[in-house]
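Inspection log for the structure reproduced underneath, given as structure tokens.
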Amino acid sequence: MTASTDVPGKTHHVIPAASPRRRVLGRRYAPAATGIALVLLMTACSKWGALADRAAQAEFNAAETSVVNPSDQAGGTLRYALAADFDSPDPGNTYYAFSWNFTRYYARTLLTYASEPGKGGIELVPDLAAEMPRPNDDATEWTLRLQKGLRYEDGTTITAEDVKYAIARSNFDARELTNGPTYFRELLANSDDYRGPHATKDEPLAGFDGIETPDEHTLVFHLNRSFAEFPYVLVQPQTAPVPAEADQGEQYQDHVLSSGPYKFDGKYRPGDGLDLKRNKEWDPRTDPARPALPDRVEVDIGIDQNEIDQRLVNGEVDIDLAGVGLGPAMKDPLITDENLRPNVDNPQTSTLRYMNISTVVEPLDDVACRRAIMYAADRKALQQAWGGDTGGDIATQIMPPTLPGTDPSLDPYPSKDNSGDLAAAREELEKCGRPDGFSTSIGTRADHPGEVSSAEALQQALARVGIETEIKQYPADSYTNTQVGSPDFVHEHDLGLTVYGWAPDWASGYGFMSKILNGNAIQQAGNANIAELDDARTNDLFAKAATIDDAEERASIYTQIEERALEEAAILPVVFERTVMYRPPHLTNVYHHAGYSMYDYMSLGTTRE
């Protein structure tokens with residue numbers, strides 16, 4: 001999932017790099033209010049009352065692991081602002097992290113993440129489903145039953161065939177819907193010749209045999225191989241139901257038919273806004289994951305980031321929808337202001353910032369030359385390039401700490417003060433026949449200052465052992481597809497190193513590492529395995545993990561994959577990114593959700609009228 005404006009790779013969670021549309025407002029903003037007291041409204045019988053032991057007073061970074069300002073108070077309007085725009089508010093045509101979080105207001109999925117702070121937020125629970133899906137003995141077939149009595153905003157019944165249709169439209173018709181992942185297309189059996197519902201409009205599901213719907217409430221998924229983590233795929237918004245008669249292809253985004261607690265109030269206005277109001281056909285008894293506290297939800301689109309930050313502090317905006325934190329102009333002032341600091345969070349996200357080290361570009365096709373880079377890197381300087389302690393935590397492993405199987409003690413290239421082991425680096429240069437060093441290039445995005453700064457920090461560190469590098473900068477809108485996402489381009493331009501970032505498609509080692517380390521994931525455009533690691537042992541471990549039912553055993557395999565990738569020196573971990581976020585005092589039920597790496601939007605309410 002693309003998690004932030006700076007995370008390349010899956011344009012699944014990345015905000016476009018184009019300059020944000022600027023809106024001119026006709027009035028000035030008042031100075032930020034200070035010294036506002038927070039009132040904790042607790043109700044013993046409520047969901048948030050039940051979380052009282054996880055509640056926290058408003059203090060710096062309290063929402064990273066606890067619920068701040070728990071309350072059952074309903075009503076009011078929750079106001080979001082967004083600097084760029086959705087890739088699409090259509091649940092079947094989006095890959096941005098904030099969109100996966102936000103579409104839950106009006107689009108229920110088969111499964112969802114638990115509404116919990118901390119590691120509890122990566123647990124899967126039923127949503128539209130009546131219970132968790134049941135696999136057959138080899139996890140090639142999964143059966144799931146829907147709850148009965150579920151309805152769309154127009155009062156019509158939600159059926160299993162609607163879910164099947166939604167998956168068909170989002171995964172098998174790239175001409176209409178170009179965004180979003182394609183896990184269903186990759187995993188479903190008996191569907192190789194299917195070209196999507198818009199190619200066969202008279203019988204839109206003819207030939208789509210990877211999913212059976214024996215009755216209105218049952219789905220049977222037939223996979224082309226064992227895949228024990230298939231339930232994670234069922235969290236994706238592509239499983240939000242769509243009746244065939246409502247589908248309008250790309251234009252469906254104008255008014256998505258709601259299955260959730262809110263529905264569109266008018267049409268989505270690209271570049272301008274989106275308003276939601278309550279959906280009276282939604283039954284809260286079927287949906288414990290969504291408190292649905294506000295009466296309205298409004299999104300103002302195309303606001304300059306600095307303006308969003310100021311409006312947050314002024315209390316005129318409740319949430320920055322992008323979820324990637326404050327801009328540079330506001331970040332440090334808020335952290336250092338004694339009055340405002342208690343309303344600031346600095347959570348660690350699931351995004352890893354790292355450098356790909358090519359296993360193909362010479363002389364880095366020799367593992368010893370790659371290990372020389374690992375030893376010579378100055379991790380402390382790299383951390384400073386990402387904003388210091390508030391920008392991220394130094395990473396020596398690959399998987400984020402929230403994922404099962406990660407080993408925070410893993411540090412195969414240790415050094416004093418994380419500044420690099422130059423003696424060990426020179427020993428590796430001797431082993432690869434380059435005792436005086438070598439030259440290569442570092443690829444980065446020109447319009448992302450943190451990436452450029454990290455490239456410069458690595459350049460200076462490597463020069464200490466004779467490794468000379470040229471920094472090559474590329475536009476963000478093509479970086480992940482036609483530059484570093486193209487193996488041919490990487491080879492032609494001698495990009496031995498590339499600055500990158502990654503967030504998981506789901507909360508497991510497979511969901512995080514399979515696209516960036518599995519040799520089977522290498523592709524000629526939009527490639528995310530930039531290092532082109534095609535290691536037989538690693539590939540076998542991924543294949544083995546997919547067949548293992550026991551989660552702890554799978555986690556141990558992911559640990560082995562992580563260790564192997566570091567042994568092969570295909571990735572130089574830099575930091576696990578931290579964001580700096582502001583929560584206005586009137587915002588209730590605020591906590592950082594590990595499944596989405598931002599606040600849990602479904603839980604939020606407001607005490608403001």
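The values are calculated or read from the model by the stated rules, or taken from the named source; none is laboratory data. Note that the coordinates shown come from a computational prediction; the quantities given were computed from them, not determined experimentally. Virtual Cβ from ideal backbone geometry, glycine too; neighbours counted across all protein chains shown. Side chains included, ligands, DNA and RNA excluded: accessible areas come from the protein's heavy atoms. Shrake-Rupley method; radii C 1.70, N 1.55, O 1.52, S 1.80 Å.
The trypsin sites (Lys or Arg not before Pro) found in region 434-524 that occupy coil by DSSP, while having at most 16 further C-beta atoms within 10 Å, are R464. Normalised by 2.2 N^0.38 Å, where N is the number of residues, the alpha-carbon radius of gyration of region 503-609 equals 1.41.
By the scheme Lys and Arg +1, Asp and Glu -1, what is the net charge of all other residues having a beta-carbon under 9 Å from that of D287? Don't skip to the end; give the middle numbers.
Numbers: positive: R108, R285, R290; negative: D127, D283.
Around D287, the charge tally is +1.
Between region 275-336 and region 433-473, how far is it from one alpha carbon centroid to the other, in angstrom? Comparing the Cα centres of region 275-336 and region 433-473, I get a distance of 38 Å. Annotation for D393 and T182: the two label points, set 7 Å from Cα along the Cα-Cβ direction, are 3.6 nm apart. Between Q560 and K416, residue separation times 0.36 nm minus the direct Cα-Cα distance comes to 49.3 nm. With R₀ fixed at 56 Å, the C-beta to C-beta distance from A206 to S478 puts the FRET efficiency at about 0.90. Solvent-accessible area per residue in the chain equals 37 Å², computed with a 1.4 angstrom probe and all protein chains kept.
Across the alpha-carbon atoms of region 353-403, the computed radius of gyration and Dmax are 13.0, 36 angstrom.
Multiplying the residue separation of E492 and R134 by 0.36 nm and removing their Cα-Cα distance gives an extension gain of 124.1 nm.
Across every pair of non-identical alpha carbons in region 125-247, the mean reciprocal distance, once inverted, gives a Kirkwood radius of 14.6 Å.
So if we plug the beta-carbon distance of A244 and E430 into 1/(1 + (r/R0)^6) with R0 = 51 Å, what FRET efficiency do we get, rounded to 0.05? With R0 = 51 Å, the Cβ-Cβ based efficiency is 0.20.
Looking at the chain, send over the antiparallel percent of its DSSP beta bridges, to the nearest 5. So the antiparallel bridges amount to about 70 percent of the total.
When the inverse distances between all different Cα atoms of region 58-176 are averaged and flipped, the Kirkwood radius reads 17.5 angstrom. Evaluated with a Cβ-only charge set (Lys, Arg +1; Asp, Glu -1), the chain carries a dipole of roughly 1540 debye about its Cα centre, given to the nearest 20.
Tally Lys and Arg at +1 and Asp and Glu at -1 over the other residues with C-beta under 15 Å from the C-beta of A228: what net charge comes out?
-4
Across q = 0.09 Å⁻¹, the chain modelled as identical point scatterers on its alpha-carbon atoms has Debye log10 I(q)/I(0) values of -0.71, in the order of the q list.
Kirkwood hydrodynamic radius for region 342-479: how many Å is it when counted over pairs of different Cα atoms? Please report the intermediate quantities before stating the final value.
On the way: mean 1/r = 0.0625 Å⁻¹.
For region 342-479, the Kirkwood estimate is 16.0 Å.
Cα centroid separation, region 553-576 to region 154-207: 35 Å. Ignoring any ligand, DNA or RNA, what whole percent of the accessible area of the chain comes from carbon and sulfur when the probe is 1.4 angstrom? Solvent-exposed carbon and sulfur of the chain make up 45 percent of the total. Projecting the Cα atoms of T444, Y375, V465 onto the charge dipole of the chain, computed from C-beta unit charges around the Cα centre, puts T444 farthest toward the positive end.
Length gain on complete extension for the stretch E316 to Q523, per 0.36 nm per residue less the alpha carbon to alpha carbon distance? Numbers along the way, then the final one.
On the way: separation 207, 0.36 × 207 = 74.52 nm, distance 4.53 nm.
Difference between extended and current length: 70.0 nm.
Between S409, S478, L429, the Cα set farthest toward the positive side of the dipole of region 389-505 (charges on each charged residue's Cβ, about the Cα centre) is that of L429. Whole angstrom only: what separates the Cα centroid of region 100-140 from the Cα centroid of region 486-504? Between the Cα centres of region 100-140 and region 486-504 lies a distance of 34 Å. Rounded to the nearest 20 debye, the dipole size of region 460-609 about its Cα centre is 600 debye, using +1 on the Cβ of Lys and Arg and -1 on the Cβ of Asp and Glu. Compare the Cα positions of A594, V580, A546 along the charge dipole of region 525-607 (+1 at Cβ of Lys, Arg; -1 at Cβ of Asp, Glu; about the Cα centre) and return the one farthest towards the positive end. Among A594, V580, A546, the one farthest towards the positive end of the dipole of region 525-607 is V580.
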